[in-house]
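J.: Handing you this structure, nothing more for now.
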Amino acid sequence: MNLNLENIKRGISLMKTVNFNTDCNKGPIMLEVATTSACTHKCYFCAEHSNLIPVEHTSFKMPDEMLWKLLSDIKKLKIEEVRLAGNGEPTADPRLTPIVDFLHQAGVKVLIVTNGTLVERLPDSTFSKLHKITISINSFNNVTHQVIHDYKGATQLPKIMKNLDRLAKIPGVKKKIQINYVMTTDNYAEFSEVLDYVEKNDIFVAIRPVYVGYKEIASKKLEFGHINKVLSEIEERFTQGNLSNNLLKTLEYARQSFTSDASTFQERNELLPCFAGLYGGYIESNGDYRISTYCDGKPMGNIKHSGFIGLWKDNQLQSKLYSGVIMNETRRPLFKNCNNCLEGENYSRQFYSVFSKIPLQMQLIRNKHKEKVSKVKSFLS
Ligand SMILES: C[S@@+](CC[C@H](N)C(=O)[O-])C[C@H]1O[C@@H](n2cnc3c(N)ncnc32)[C@H](O)[C@@H]1O
């Protein structure tokens with residue numbers, strides 16, 4: 001794990017949430033929120049909008065009352081980070097500027113994941129208040145960009161690149177920009193161009209293989225040959241030396257994501273400790289709550305009934321969150337896909353690797369789990 005100051009602060013905060021949290025007055029350390037499910041693209045790998053996946057796509061905007069109550073709950077629970085993303089395009093929500101203003105004023109770090117198509121609607125001051133701006137581009141080639149994002153017209157990608165240039169010129173903003181680049185069978189051959197882009201523009205690009213959560217997108221999944229080609233190019237670039245920080249970061253990120261189990265077709269089939277519900281949470285525009293965007297099955301609750309605070313303090317939910325942390329010991333998954341979920345391999349693995357070495361922390365967690373389960377049992381009996 002990268003032991004920088006930000007991650008150390010996150011680790012300490014998580015430890016407080018997990019083991020020193022009287023009456024659950026402190027929330028998770030970050031929440032992902034989709035204030036709208038409307039999007040200007042229909043990326044073929046997107047579970048919500050892809051035309052390849054035969055589900056009805058109806059856009060939903062979080063009602064005003066629910067949204068402002070959620071923001072107030074975030075402040076009260078001292079949640080440190082909010083990522084505006086989820087299954088829609090955050091810049092398509094006309095309330096984005098007041099949302100960012102409120103959270104920024106409350107001392108919350110606001111991160112955004114956007115496709116960059118509507119950036120021109122927003123003032124510079126909104127971007128200055130953001131902690132991190134991730135732009136999903138997925139191809140620098142005009143034709144491939146249209147194929148992956150499923151639209152027609154050659155002006156869209158130049159417009160996104162113009163928006164990106166504008167953001168990079170706002171004082172203090174360039175260093176907060178990251179580009180997300182999902183690799184599929186359509187764009188993997190662009191890998192070396194993407195590295196050239198990083199070198200020329202000094203912007204970090206998070207390149208990762210497409211995650212195939214649906215059989216309909218299986219044909220877009222990279223094969224061993226593609227992956228090996230990408231990995232050998234990574235090693236070759238490393239040998240060139242004199243690499244900028246962003247190029248190094250891009251290569252290290254790609255090496256890690258292209259050697260993970262998910263990209264190499266190996267099913268893990270193993271339950272890992274999942275801290276996702278204690279460090280995070282995902283709230284959809286209709287108020288549905290899941291501990292992570294990867295959780296399959298039904299949502300674990302909805303904030304329309306008792307708000308996020310009510311949900312978070314609910315004994316039954318808390319007992320499930322602690323069950324998730326020790327499911328590698330109990331062998332009881334929270335959801336069907338826990339055995340192969342990527343969440344367990346990402347932040348959870350990093351937190352666990354440190355947490356499990358700090359004396360008493362895992363024992364405290366096991367005790368908390370027992371305490372939470374017995375509270376639910378006594379409530380039900
Ligand atoms: C679902 S989008 C929503 C936010 C915004 N509309 C955007 O396009 O960035 C959030 C991020 O999830 C990534 N994503 C969605 N489906 C994916 C998949 N199957 N594999 C890998 N990344 C995926 C997208 O590339 C994007 O960076």
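J.: If you find the alpha carbon centre of the stretch 244-259 and of the stretch 98-128, how far apart are they in angstrom?
T.: Each part's Cα centre sits 27 Å from the other's.
J.: Please identify every one of the GluC sites (Glu not before Pro) in the stretch 71-125 that sits in a loop by DSSP and has no more than 12 other beta carbons within 10 Å of its own beta carbon.
T.: Within the stretch 71-125, no GluC sites (Glu not before Pro) qualify (loop, at most 12 other Cβ atoms within 10 Å).
J.: When a/c is below 1.5 the answer is rounded, else prolate if a/b is larger than b/c, else oblate, so apply that to the stretch 48-204 with a ≥ b ≥ c taken from the square roots of the Cα gyration tensor eigenvalues.
T.: Taking the square roots of the gyration eigenvalues as a ≥ b ≥ c, the stretch 48-204 is oblate.
J.: Further question: Once you sort the root eigenvalues of the Cα gyration tensor of the stretch 275-381 as a ≥ b ≥ c, which label holds: rounded (a/c under 1.5), prolate (a/b larger than b/c) or oblate (the other case)?
T.: Because a/c hits 1.5 or more and a/b fails to exceed b/c, the stretch 275-381 counts as oblate.
J.: Hey, another quick one. Run the dipole for the chain about the Cα centre, Lys and Arg Cβ at +1, Asp and Glu Cβ at -1, nothing else charged, and hand back the magnitude in debye, nearest 20.
T.: The dipole of the chain has a size of about 1340 debye.
J.: While we're looking at this one, here's another question. For the stretch 277-381, state which GluC sites (Glu not before Pro) are in a DSSP loop and have at most 10 other beta carbons lying within 10 Å of their beta carbon.
T.: For GluC sites (Glu not before Pro) across the stretch 277-381 that sit outside H, G, I, E and B with at most 10 neighbouring Cβ atoms in 10 Å, the list is empty.
J.: Expected output is a single nm value to one decimal: the length gained when fully extending between Ser59 and Asn367, i.e. 0.36 nm times separation in residues minus the C-alpha distance. What is it?
T.: Computed gain between Ser59 and Asn367 is 106.6 nm.
J.: Which entries in the list Lys298/Lys370; Lys69/Lys169; Lys26/Lys221; Lys69/Lys129; Lys132/Lys313 go over 31 Å, if you measure between the two C-alpha atoms of each?
T.: From Lys298/Lys370; Lys69/Lys169; Lys26/Lys221; Lys69/Lys129; Lys132/Lys313, over 31 Å: Lys69/Lys169; Lys26/Lys221.
J.: According to a simple spin-label model (label point 7 Å from Cα along Cα-to-Cβ), what is the distance in nm between Val143 and Phe20?
T.: About 6.0 nm, to one decimal.
J.: In the stretch 34-264, with Lys and Arg counted as +1 and Asp and Glu as -1 at Cβ, which of these residues, Val108, Ile148, Gly225, has the Cα nearest the positive end of the dipole, that is, farthest along it?
T.: Val108
J.: Let me ask something else about it. As an exercise, identify the chymotrypsin sites (Phe, Trp or Tyr not before Pro) in the stretch 265-343 lying in DSSP coil whose Cβ has no more than 11 other Cβ atoms within 10 Å.
T.: Of the chymotrypsin sites (Phe, Trp or Tyr not before Pro), not one in the loops of the stretch 265-343 has a Cβ with at most 11 other Cβ atoms within 10 Å.
J.: Let me ask another. Over the chain, what is the relative contact order in percent, taking alpha-carbon pairs closer than 8 angstrom and at least six residues apart?
T.: Value for the chain: 17 percent.
J.: Dipole of the stretch 276-380 (Lys/Arg Cβ +1, Asp/Glu Cβ -1, origin at the Cα centre): which of Tyr289, Gly277, Phe379 lies farthest to the positive side?
T.: Of the candidates, Phe379 comes out farthest on the positive side.
J.: How much FRET efficiency would the formula 1/(1 + (r/R0)^6) give for Glu270 and Lys129, where r is the Cβ-Cβ distance and R0 is 41 Å, rounded to 0.05?
T.: With R0 = 41 Å, the Cβ-Cβ based efficiency is 0.50.
J.: Based on the Cβ-Cβ distance from Ser374 to Glu6, what FRET efficiency comes out when R0 is 35 Å, to the nearest 0.05?
T.: Efficiency computed from Cβ-Cβ geometry: 0.45.
J.: For Arg255 and Lys162, what does the FRET efficiency come to when R0 = 51 Å and r is the distance between their Cβ atoms, rounded to the nearest 0.05?
T.: Calculated transfer efficiency: 0.95.
J.: Per-residue ellipticity at 222 nm for the chain, helices alone: DSSP H runs ≥ 4 residues times -39500 (n - 2.57), over residue total, nearest 500 deg cm²/dmol?
T.: So the helix-based figure for the chain works out to -13000 deg cm²/dmol.
J.: Here's another thing I want to ask about it. Calculate I(q)/I(0) for the chain by the Debye formula, one identical point scatterer on each C-alpha and no solvent, and give its log10 at q = 0.11 Å⁻¹ to two decimals.
T.: Log10 I(q)/I(0), no solvent term: -0.83.
J.: What helices does the chain have that are whole DSSP H segments, at least 30 Å long along their own axis by Cα, and with mean Kyte-Doolittle hydropathy of -1.0 or more?
T.: Span-like helices here: none at all.
Readers should treat all values here as calculations from the given coordinates under stated rules, not as data from a laboratory. Everything numeric in this text was worked out from a predicted model, so none of it was measured. Every residue, glycine as well, gets a Cβ built from its backbone with ideal geometry; the counts of neighbours run over all protein chains shown.
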